[in-house]
Structure formats: structure tokens, C-alpha cells
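Down below is the structure, laid out as C-alpha cells.
The values are calculated or read from the model by the stated rules, or taken from the named source; none is laboratory data. This one's a predicted model, so the numbers in the text were calculated from it and none came from an experiment. Methodologically, a virtual Cβ is constructed for each residue, glycine included, from the backbone with ideal geometry; neighbour enumeration extends over all protein chains shown.
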Amino acid sequence: MKHNWEYRPFDGVAHTITPISKIEKSEYLSYGLVPIISQEETLISGYWYNSKDVTPHQKPVVIFGDHSRVLKYIDFEFVVGADGVKIIEPEDDINTKFLYYYLHWLNIPSLGYSRHFKLVKEALYAVPPKESQERIVAELDKINELIEQNRELLRHLDSLAQSLFYDTFGDPITNPKGWKMVTLEDVCTLKSGDSSANKLPFGKTPYVKVGDMNLPENKTYIQTSSNFVDTGGKNKLLFPIGTTIFPKRGGAILTNKKRLTKTEICCDLNIMGAIPKNINSKYLFFYFILKDFSELVDGSTVPQINNGDIYPLKIQFPPLSLQEEFATKIEAIEAQKATVEKSIAELQTLLDSRMDYWFN
């Protein structure tokens, strides 16, 4: 035990607050008087018009997603969105940000879509003197601030890449530069994932599923996969550099940032491979993510896009030399992003090690 530290059960460090009301997701507003806080990954899920629904709290609170395990530090007025939000208010001798970091360090394990707050209540909590809590928070906040600065730089580089596309080729919807139009069938090939891949035993080959397309850091690319399988040396679906991957059933359109050469994908994902002499893969990717293809989605409960819907689509076809010039600039931006991503990874490792030092 560290000097002057004590260990308490959950009831000795915090209590939960019952929300005044819960706003259904269908009622969220884009603008309003009060932010809506839910168990979703984003800090603010929407807005509400009635301040009478604000949940009162005496100090900053920690939000814990009972299903999602998402943690949020909230130091402003808010209303609660939908279900599964646990509002944790620390006792007077506990710094809220200190508790927030401690819960991060606990790393509550996933129970699937079960409720997880019971694990929070069963945990034991380290409690140093208040001044020590504040020093620890100041140290961890500084590392987090550097991480966020780097993430903001990544967002800027992503915006720069999209602006470069518009400046070079114009709006992919209106085609103001009057580029020649061809069908996707003329310039690319489509492959679907193997429905039997999810039955393969655990191994070393990454197996990308729809859920991997929506991980926090996977906004425009697949950074990792959640599963690995043993393919037994059989022929694989290859991912050439810049391959565009998109789900058949909703989700974001992403590219394989890690450029994995042997990767299985689930049957709900498609690979869109550029035909090298016909189109540049980076141009194809950016065109695909910037153009709205929502008209292709059928009206079923689970939206679905089929290959037969994709091939007839028209795509602007500027000169291949211009596409390649654009790709060269994108590669320079990606190199900068790789440097920033490395910094983020190193800072995250530092943050984890410092939390482990203080809390373990």
C-alpha cells in the first residue's frame, strides 16, 4: 500500500444519481439549450430544449455506459439520453477526474450486451489524500492533452485530404469540371467475404468483421481487427494497397490502412479492388467515401447493398495522370499521419504506464 493511501468499496468513494428524465434517441435535437449525454462513444449525443429535465449534481460527475462501458467526465449541465447511463458522483474527499482515471485503469471487461455496472460496484478503489489525487490528475491530464492535440492534427490532415480531392476533381456529385463518366464495372472488381471464415479456429490471420469498421480510431481506415483465424494455408482474399472495403449492411466505407496482405473478411463485407491500369485506388477510395450512395440502400429494416447495385454506378473518370498526381499528394499526407499516429501510440503507452504506476 502506498503511503497514506487507503482502499474502499464503491459505496465508500461515490454514489449514483437518478436522472430527472431520459430522452429517447428519436427525440434528440441537433441544436438546443442543453446537451444530451448518452452511453455512446461521442461526448455529446444531441441537444434538448427543456432545462427542467437537467439532472442536478453538486460537482463534476463520471458517466458510465452500462452496456457500452464508455466513460465520460462531465463538468456541465446535461440531460440523460435513452437507457444504460449510470451517473456517478464522488464523495467530497474524492476528485472526480481522479475517479474517472481510476475507472479507466480498471478496464472493466466486456460481458457482451449485458450490464456492466455491477463490476464497477464490486471493484476496490484506491484513495490517496486529496492533494495527491490532484497531483496525479494534473500529470495524467497533461499526457491526455498531448494525445488530444495529436488527434486534432489527424483530423486536420483528414480534412486536408478531402479538400485536396475537391480542389483537384470538383464535387463528385455535380461533376462541375465535366469529367468523363464510366461505370464501376469498367474500373474495379468486387469480392465478398467468405461466410465460412467465421467458423475457422483461432490463428494468426486477421479476420475483419463489420464491428471492426466502427472502432473509435477507425474513422477512415481499418487499423486493427478483433479476431484472428487459422486459414490452414488456403488461398486468401488479398488486400492490395489502398483497397476500399465497405459493408453490405450499412456502416462506414473504409480502406485498409495496415495494408494486410492475407486477410479474411466476413460475409457482410465487400472488397472493391481497383483495376490498376484503369483507375488509381486512392482516387477510387476518396470518390467512394465522398459521394452519397444512400439511394442504393433498400428499405428493409437492415439496410443492404448488393454487388448488382454497385457495378452499374457511374464514376467520374479524370485523366489517370491527374489521379496519380493526387495519389502522390495523399501519400505525403498519409506519411504525416503515420508519424502523428506513432506519437499518439507512444503517449497512450505512457498514459497507461503512469496509471498503472499510481493505481496498481
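Structural remarks
- Residue match in the stretch 187-199 (condition: over 30 Å from residue 85 (Cβ atoms), touching a Phe, Trp or Tyr at 6+ places or on another chain (Cβ under 9 Å) and surrounded by fewer than 18 Cβ atoms within 10 Å (Cβ to Cβ)): yes
- Here residue 138 meets each of (1) loosely packed, with under 11 Cβ neighbours inside 10 Å; (2) in contact with a helix residue (DSSP H, G or I) (Cβ under 7 Å, 6 or more places away or on another chain) with one exception, condition (2).
- So residue 205, is it of a type in the set (S, T, N, Q) and either part of a strand (DSSP E or B) or under 18 Å from the mean Cα position of the chain (by Cα) (or both): yes
- Residue in the stretch 97-118 that is under 19 Å from residue 289 (Cβ atoms), hydrophobic (A, V, I, L, M, F, W, C) and within 20 Å of the chain's Cα centre (by Cα) present: no
- Selection of the stretch 94-120 for residues being within 13 Å of residue 14 (Cβ to Cβ), touching a residue at least 40 places away in the same chain (Cβ under 8 Å) and polar (S, T, N, Q) yields only 95.
- Conditions (1) charged (D, E, K, R); (2) surrounded by 12 or more Cβ atoms within 10 Å (Cβ to Cβ); (3) in contact (Cβ under 8 Å) with a residue 60 or more places away in the chain; (4) not in a helix (DSSP H, G or I): number failed by residue 171: (3)
- Criterion (assigned to a strand (DSSP E or B) and farther than 20 Å from residue 119 by Cβ) met by exactly one of 35, 56: 35
- Flag if residue 91 is under 16 Å from residue 13 (Cβ atoms), assigned by TED's automatic domain parsing to the domain that holds residue 26 and loosely packed, with under 13 Cβ neighbours inside 10 Å: no
- All of (1) in a loop (DSSP other than H, G, I, E, B); (2) within 28 Å of residue 343 (Cβ to Cβ) hold for residue 163 with one exception: (1).
- Test: residue in the stretch 46-56 that is touching a strand residue (DSSP E or B) at 6+ places or on another chain (Cβ under 8 Å), under 27 Å from residue 360 (Cα atoms) and surrounded by fewer than 20 Cβ atoms within 10 Å (Cβ to Cβ): no
- Each residue in the stretch 57-88 was checked for being touching a residue at least 60 places away in the same chain (Cβ under 8 Å), in contact with a helix residue (DSSP H, G or I) (Cβ under 8 Å, 6 or more places away or on another chain) and closer than 18 Å to residue 123 by Cβ, and 2 pass.
- Complete set of residues in the stretch 30-44 that are over 22 Å from the mean Cα position of the chain (by Cα) and either of a type in the set (A, V, I, L, M) or surrounded by 13 or more Cβ atoms within 10 Å (Cβ to Cβ) (or both): 32, 33, 34
- Between 8, 69, the distinction of being surrounded by 17 or more Cβ atoms within 10 Å (Cβ to Cβ) and of a type in the set (D, E, K, R) belongs to 69 only.
- Residue among 221, 207 that alone is within 25 Å of residue 248 (Cα to Cα) and modelled with pLDDT under 70: 221
Table: residues versus (1) in contact with a strand residue (DSSP E or B) (Cβ under 7 Å, 6 or more places away or on another chain); (2) within 24 Å of residue 41 (Cβ to Cβ).
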position: 150; (1), (2): no, yes
position: 164; (1), (2): no, no
position: 172; (1), (2): yes, no
position: 178; (1), (2): no, no
position: 203; (1), (2): yes, no
